[in-house]
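Undergrad: The following block contains the structure, expressed as structure tokens.
The values are calculated or read from the model by the stated rules, or taken from the named source; none is laboratory data. All values derive from a computational prediction rather than experimental measurement. Backbone-built Cβ (ideal geometry, glycine too); neighbour counts: all protein chains shown.
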Amino acid sequence: MGIQLDLEAVKREGIGKEAARKLRAQGLTPAIIYGKRKNPLPVSLNTNDFLKMMHGESHENMLFKVKIKGQKGKNPNVIIKEMQFDPVKGSLFHVDLFEVAMDEEIQVHVPLEAINEAVGVKEEGGLLDHVAREILVECLPEDFPDKIEVDVSSLHLGESIHIKDIQFPPGVKPIESPDKVVLTIIHKLKVKEELITEVPEEEEEVEPEVLTQKPSEATEEE
């Protein structure tokens with residue numbers, strides 16, 4: 001919780017598609033820092049180093065101090081707002097970095113993780129339904145939790161866990177309704193019934209659609 005990592009970056013002089021292509025060919029990824037500053041700052045990141053740092057981590061709540069090569073002054077504290085990947089190659093395409101103030105609370109989505117096996121699953125034949133996979137919370141950047149763990153061992157068939165039932169770490173406040181259900185034990189039979197779809201007795205024959213226009217190709221953005 002509140003782990004801060006150093007992230008090295010280089011200020012970009014050229015912007016636009018062609019400049020971004022050249023950076024990627026050199027093993028660099030275009031990125032942008034925005035948020036607290038008046039003007040967004042275009043930078044580049046070493047792609048391999050960045051991906052190694054991110055390996056196996058949930059990037060949404062990781063806090064970074066960006067060290068910009070050759071730039072004097074305070075190093076900005078950022079969180080990753082978005083990571084874009086090439087839809088065909090799967091390679092890292094662009095990174096959005098949001099600058100935060102360490103003394104100001106911000107809202108972030110935190111993954112929700114159920115721990116231990118529920119009695120409703122182990123002894124009563126139910127299934128654990130993850131109604132919500134993450135929770136919106138508010139906290140200082142240094143208090144960002146990697147995840148919120150919820151013990152479901154005492155949960156019986158038909159019972160649920162609401163946000164108000166969860167014990168959050170110090171300094172972390174849930175923003176969503178306290179009555180929102182996040183985890184529940186449902187009957188397996190109910191799941192099977194939901195998977196059954198009615199087949200119409202008579203279906204009107206439909207001619208295949210003729211594709212008259214080539215799908216628009218994804219445009220490369222900075």
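Undergrad: Looking for something within 18 Å of the chain's Cα centre (by Cα), crowded, with 16+ Cβ neighbours inside 10 Å and of a type in the set (A, V, I, L, M, F, W, C) - is there at least one such residue anywhere in the stretch 9-22? Break it down into steps so the answer makes sense when it comes.
TA: Applying the first criterion (within 18 Å of the chain's Cα centre (by Cα)) to the stretch 9-22 yields none.
Checked against the condition, which is being within 18 Å of the chain's Cα centre (by Cα), crowded, with 16+ Cβ neighbours inside 10 Å and of a type in the set (A, V, I, L, M, F, W, C), the stretch 9-22 yields no hits at all.
Undergrad: Among all residue pairs at least 6 apart or on different chains, which show Cβ distances below 9 Å where the first residue, located in the stretch 120-148, is touching a residue at least 24 places away in the same chain (Cβ under 8 Å) and the second is of a type in the set (Lys, Arg) and assigned to a helix (DSSP H, G or I)?
TA: 125/188; 126/188; 127/188; 127/190
Undergrad: Report, by residue number, each residue of the stretch 76-100 that is over 21 Å from residue 24 (Cβ atoms) and either out of contact with any Leu (no Cβ under 9 Å at 6 or more places or on another chain) or aromatic (Phe, Trp, Tyr) (or both).
TA: 98
Undergrad: For the stretch 141-160, state whether one or more residues are in contact with a His (Cβ under 8 Å, 6 or more places away or on another chain), assigned to a strand (DSSP E or B) and small (Gly, Ala, Ser).
TA: Scanning the stretch 141-160 turns up no residue that is in contact with a His (Cβ under 8 Å, 6 or more places away or on another chain), assigned to a strand (DSSP E or B) and small (Gly, Ala, Ser).
Undergrad: Go through the stretch 61-87 and count every residue that is part of a loop (DSSP other than H, G, I, E, B), in contact (Cβ under 8 Å) with a residue 24 or more places away in the chain and more than 20 Å from residue 141 (Cα to Cα). Please lay out each step first, then the result.
TA: Let us first name the residues in the stretch 61-87 that are part of a loop (DSSP other than H, G, I, E, B), namely 62, 70-76, 86-87.
If we keep only those that are in contact (Cβ under 8 Å) with a residue 24 or more places away in the chain too, we end up with 62, 70-71, 76, 87.
If we keep only those that are more than 20 Å from residue 141 (Cα to Cα) as well, we get 70-71, 87.
Total meeting the criteria: 3.
Undergrad: I'd like to verify a number: residues in the stretch 100-127 that are buried (at least 17 other Cβ atoms within 10 Å of the Cβ) and assigned to a strand (DSSP E or B), how many?
TA: Here is the first cut: in the stretch 100-127, the ones buried (at least 17 other Cβ atoms within 10 Å of the Cβ) are 100, 108, 110, 112, 114, 118-121, 126.
Restricting the remaining residues to those that are assigned to a strand (DSSP E or B) gives 100, 108, 110, 112, 114, 126.
The qualifying residues number 6.
Undergrad: Follow-up. Can you tell me which residue in the stretch 23-46 is nearest to residue 83 (Cα to Cα), limited to those that are buried (at least 18 other Cβ atoms within 10 Å of the Cβ) and polar (S, T, N, Q)?
TA: By that ranking, first place goes to 29.
Undergrad: Say whether the condition of being crowded, with 17+ Cβ neighbours inside 10 Å, outside the structural domain of residue 152 (by TED's automatic domain parsing) and under 27 Å from residue 180 (Cα atoms) is met by at least one residue in the stretch 61-76.
TA: So the first thing to find is which residues in the stretch 61-76 are crowded, with 17+ Cβ neighbours inside 10 Å, and the list is 61-64, 66, 68, 76.
Checking which are outside the structural domain of residue 152 (by TED's automatic domain parsing) leaves us with 61-64, 66, 68, 76.
Then keep just the ones that are under 27 Å from residue 180 (Cα atoms); that gives 61-62.
Checked the stretch 61-76: at least one residue is crowded, with 17+ Cβ neighbours inside 10 Å, outside the structural domain of residue 152 (by TED's automatic domain parsing) and under 27 Å from residue 180 (Cα atoms).
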